Amino acid sequence: MKKTRLTAALLAFGISASMIFQTPVYATEDTAAATTTSTITTNSISGWPQGPEITSASAVIMEDTTNTILYAKDMDQALSPAGAVKIMTCLLALENSQLTNQVTMTETGVSGVTDGGAHISSQLGEVFTMEQCLYAIMLASANDIALQIAEQIGGSVDAFVEKMNSRAQELGCTNTVFTNPTGLPDDNQHTTAHDLALIMQAAINTDGFRDIASATSYTIPATNVSGGARNLTNSFSLTNQAAATYYSGCIGGRESTTTASGSVLVTAAERNSTTLICVVMNGATGQTANEAITLMDYGFGNFQLLDLSEEDFHILSGGQVMIPSGATSDDLTTEDTESDGQISRTYSFGGTQVGTAVIENTAEDATTADNQENDTNMEAARVSQNTSPVPYFIIGGVGVLLLVLLLWRLIRIIKS
């Protein structure tokens, strides 16, 4: 690495401080110049591939492994989420139930049949499995099922909404307020492109979600009430091979439109072991899918995922970085923070975080080895001080010989 800044290194503190105070002067000027022509903040990163202009008000591309933001256009702007809310509804259902659980429709759920939104014409007392319910939500955007899931898991819809908001905070969402599990318009319900990306990230890494979200169709067999099967078809065009906007590698997602939200699209795609999460908000109907494709093509075509642990055996975990194509580890700067005997390392490119790792504390290991060597040397010195360099049996033999010679000399003197 070209630069390594250890936060605990006192000798480097003065230099680091001067750099910190000087750099923003230039960064502010560059950013100001960029924002006069574009709100794509990632385009102001030095050495970063320039992202495409889109008509939607807000968008983000985030890499799954490193959380690197590849593209950001007003990604923290609070907007109405529309049916993208149902991704959180499904996430909580998967985290708090089993797919084999039975769900019985009550008046709460059935009220969703007449609320003006999408539904599967569920009936009072009708029984579904949780798996059938989640397919109904993701493929048919069924409000009746979303309301019933909320009541079953939360005890009430209001209690479930509290769980939604708590889970959003746990995921790192900073400007999200949910008021219902369906996405029906509410002036108080809002989120951001970045927050939706974090929610989608949690969902695609939860068992069962990818199978449900990527399905193009699903059949709910006849129930205890219905006279026949329900055949559900996924309207999400990026997973539909017959659609003009089909996207190879797409994991799934949601696209929905209301008057308040415009068109909102949340999706994820995987290619060459790299997963990108894309969110486009407040776009024009019929345009968000094309813009999402443009953004994901930009991400897959201009960036690479590197595993630095292959060249640094001191990395205990992490070590993946998402950087522009053609860049190398030499283009990164690092910042280390020591805590509880471990070192947390942050990798940055052009001042933007692109990965993290936990590093072996080699300094501590070296100190331990030095201490052990010092202890060994001290013990050797102590033994050396207390031990004559001449073997005891030699000293004893010489003493006896001298004594015999003295006695012999005395006898001769007496005789003479």
Just for region 34-46: of the residues that are open to solvent by less than 60 Å² (accessible area, probe 1.4 Å) and more than 17 Å from ASP76 (Cα to Cα), which one is modelled with the highest pLDDT?
ILE45
Give the residues of region 176-191 that are outside any strand (DSSP E or B) and within 18 Å of VAL279 (Cα to Cα), sorted by residue number.
THR176, PHE178, GLY183, GLN189
All-but-one check, GLU270 against (1) open to solvent by less than 60 Å² (accessible area, probe 1.4 Å); (2) within 26 Å of ILE54 (Cα to Cα), failing number (1)
Could we say that LEU265 is surrounded by fewer than 22 Cβ atoms within 10 Å (Cβ to Cβ), of a type in the set (A, V, I, L, M, F, W, C) and modelled with pLDDT of 95 or more here?
no
Of all residues being assigned to a loop (DSSP other than H, G, I, E, B) and open to solvent by 20 Å² or more (accessible area, probe 1.4 Å) in region 192-206, which is farthest from SER56 (Cα to Cα)? Just the residue, please.
THR206
Quick one: count up the residues across region 102-120 that are closer than 25 Å to GLY253 by Cβ and touching a residue at least 40 places away in the same chain (Cβ under 8 Å).
7
Region 110-155, residues that are β-branched (Val, Ile, Thr), in a loop (DSSP other than H, G, I, E, B) and within 19 Å of PRO221 (Cα to Cα)
ILE120
Out of region 98-119, which residues are open to solvent by 50 Å² or more (accessible area, probe 1.4 Å), in contact with a helix residue (DSSP H, G or I) (Cβ under 8 Å, 6 or more places away or on another chain) and closer than 16 Å to GLY83 by Cα?
ASP115, HIS119
Give the number of residues within region 251-280 that are within 24 Å of ILE120 (Cβ to Cβ) and either aromatic (Phe, Trp, Tyr) or assigned to a strand (DSSP E or B) (or both).
13
Find the residue count for region 324-352, including only residues that are free of Cβ contacts under 8 Å to residues at least 40 places away in the same chain and either under 13 Å from THR66 (Cβ atoms) or touching an Asp or Glu at 6+ places or on another chain (Cβ under 6 Å) (or both).
5
Note on region 280-319: residues open to solvent by 60 Å² or more (accessible area, probe 1.4 Å) and either closer than 30 Å to VAL358 by Cβ or of a type in the set (Gly, Ala, Ser) (or both) are GLU310, GLU311, PHE313, LEU316
Output the residue which, of all residues in region 124-177 that are without any contact (Cβ under 8 Å) to a residue 60 or more places away in the chain, closer than 19 Å to ASP195 by Cα and among the small types (Gly, Ala, Ser), is least open to solvent (accessible area, probe 1.4 Å).
GLY172
List the residue pairs whose Cβ atoms are under 6 Å apart, where the first residue sits in region 215-243 and is over 17 Å from ALA118 (Cβ atoms), the second is part of a helix (DSSP H, G or I) and among the hydroxyl-bearing types (Ser, Thr, Tyr), and the two are 6 or more positions apart or on different chains.
THR239/SER214; ALA243/SER237
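The values are calculated or read from the model by the stated rules, or taken from the named source; none is laboratory data. What you see is a predicted model; the values in this text were computed from it and never measured. Positions of Cβ are generated from backbone atoms using ideal geometry, with glycine treated the same way; all protein chains shown enter the neighbour counts. We work out accessible area using only protein heavy atoms, side chains counted, and drop any ligands, DNA or RNA first. Shrake-Rupley method; radii C 1.70, N 1.55, O 1.52, S 1.80 Å.
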